[in-house]
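K.L.:
Got a structure for you, written out below as structure tokens; questions coming shortly.
The values are calculated or read from the model by the stated rules, or taken from the named source; none is laboratory data. Remember, it's a predicted structure, so these values are computed and weren't measured experimentally. Here Cβ is always computed from backbone atoms with ideal geometry, including for glycine, and neighbour counts include all displayed protein chains. Calculation scope for accessible area: heavy atoms of the full protein, side chains included, ligands and nucleic acids excluded. Shrake-Rupley method; radii C 1.70, N 1.55, O 1.52, S 1.80 Å.
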Amino acid sequence: MARAGLTPERPTRAGAELADEAGFDQVTVSALVGRFDIKVASLYSHVTSSQNLRTRIALVALEELADRVAAALAGRAGEDALVAFADARCDYAREHPGRYDAARLGLDPETAAASAGVRHARMTRAILRGYDLSEPDQTHAVRMLGSVFHGSVSLETAGGFSHTGVDSQASWLWILDCLDALLRNRSTP
């Protein structure tokens, strides 16, 4: 029997908070039990397994990130859209490191197709349409942007940019300017 006041959404939200605090790899049903003052068996009436919990957190993170990116992109095009897109993604990763990791969880094809991951792909491709890239260059560009954004935020949050006097924000703006120039120069003639 489900505990009064405990809905399926509450463990997912609590798991997302735990992911941000302790790391996504630390999220398990057992780790979550202490947040509700209940027995593990009671939580299993709402969450079928740790993998189920992790998948739910991934879906929440994808939705949150898609909403944030969509709001940042509204009314923007070209380099302005690229910068807004990159900043929204990286700001989310800094603010919610566990959820950001969750958003990269491999999902089964059916779950992925029903997730906000589809919105992410559409928004990325919409930005790239402004650069007039044809296939396969557009796919290469999607992969490049994801790699650069993820690599940059991962290095920054791990302290990898703290060893020089050059401001990491200045480097970030330089990187985005270079990406814009590269994409403009790769456009289809």
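K.L.:
Mean residue ellipticity at 222 nm from the helices of the chain, using -39,500 (n - 2.57) per DSSP H segment of n ≥ 4 over the full residue count, to the nearest 500 deg cm²/dmol? Working shown, then result.
P.N.:
Working: 10 runs with 129 residues, N = 189.
Calculated at 222 nm, the ellipticity per residue is -21500 deg cm²/dmol.
K.L.:
Under 1.5 on a/c is rounded, so check that first for the stretch 85-189, then, if it is not, pick prolate when a/b is larger than b/c and oblate when it is not; a ≥ b ≥ c are the square roots of the alpha carbon gyration tensor eigenvalues.
P.N.:
Verdict is oblate for the stretch 85-189.
K.L.:
On full extension of the chain, what length is gained from Leu107 through Glu21, given 0.36 nm per residue of separation minus the C-alpha to C-alpha distance? If you can, show how the numbers build up before the last one.
P.N.:
Numbers: separation 86, 0.36 × 86 = 30.96 nm, distance 2.28 nm.
Here the segment from Leu107 to Glu21 would lengthen by 28.7 nm.
K.L.:
For the stretch 148-163, what does the Karplus curve 6.51 cos²θ - 1.76 cosθ + 1.60, with θ = phi - 60°, yield as ³J(HN,Hα) per residue in whole Hz, taken in order and with x for Gly and Pro?
P.N.:
Coupling constants for the stretch 148-163: 5, 5, 5, x, 5, 5, 5, 5, 4, 5, 8, x, x, 9, 8, 9 Hz.
K.L.:
In degrees, nearest 10, range 0 to 90: what is the angle between the Cα axis of helix 117-129 and the longest Cα principal axis of the chain?
P.N.:
10
K.L.:
For His150, what is the net charge nearby, where nearby means another residue's Cβ is under 9 Å from its Cβ and Lys, Arg count +1, Asp, Glu -1? Walk me through the intermediate numbers first.
P.N.:
Details: positive: Arg89, Arg104; negative: none.
With Lys, Arg at +1 and Asp, Glu at -1, the neighbours total +2.
K.L.:
Taking 2.2 N^0.38 Å as the expected size of a compact globular protein, what ratio does the Cα radius of gyration of the chain give against it, to two decimals?
P.N.:
Against the compact-globule rule of thumb, the ratio is 1.18.
K.L.:
With +1 on each Lys and Arg Cβ and -1 on each Asp and Glu Cβ, how big is the dipole of the chain about its Cα centre, in debye rounded to the nearest 20?
P.N.:
Dipole of the chain, to the nearest 20 debye: 540 debye.
K.L.:
Let me ask something else about it. With each pseudo-label sitting 7 Å past Cα toward Cβ, what's the Arg119-Ser168 distance in nm, one decimal?
P.N.:
Rounded to a tenth, the inter-label distance reads 2.7 nm.
K.L.:
Provide Thr164, Thr7 ordered by accessible surface of protein heavy atoms (probe 1.4 Å), highest first.
P.N.:
Largest accessible area first, the list is Thr164, Thr7.
K.L.:
Now for a separate question. So what's the angle, to the nearest 10 degrees on a 0 to 90 scale, between helix 50-73 and the longest Cα principal axis of the chain?
P.N.:
Here the helix axis deviates by roughly 40 degrees.
K.L.:
Can you tell me the accessible area per residue over the chain, all protein chains present, probe 1.4 angstrom, in square angstrom?
P.N.:
53
K.L.:
Once you keep just the Cα pairs under 8 angstrom separated by 6 or more residues, what percentage relative contact order results for the chain?
P.N.:
Numbers: 166 pairs, mean separation 40.9, N = 189.
That works out to 22 percent.
K.L.:
If a paramagnetic tag sat 7 Å from the Cα of Ser154 along the Cα-Cβ line, which residues of the stretch 96-117 would have the backbone N under 19 Å from that point?
P.N.:
Answer for the stretch 96-117: 96-107.
K.L.:
Using only Cα atoms, find the angle between the long axis of helix 9-22 and the longest principal axis of the chain, and express it within 0 to 90 degrees, rounded to the nearest 10.
P.N.:
It is inclined by approximately 60 degrees.
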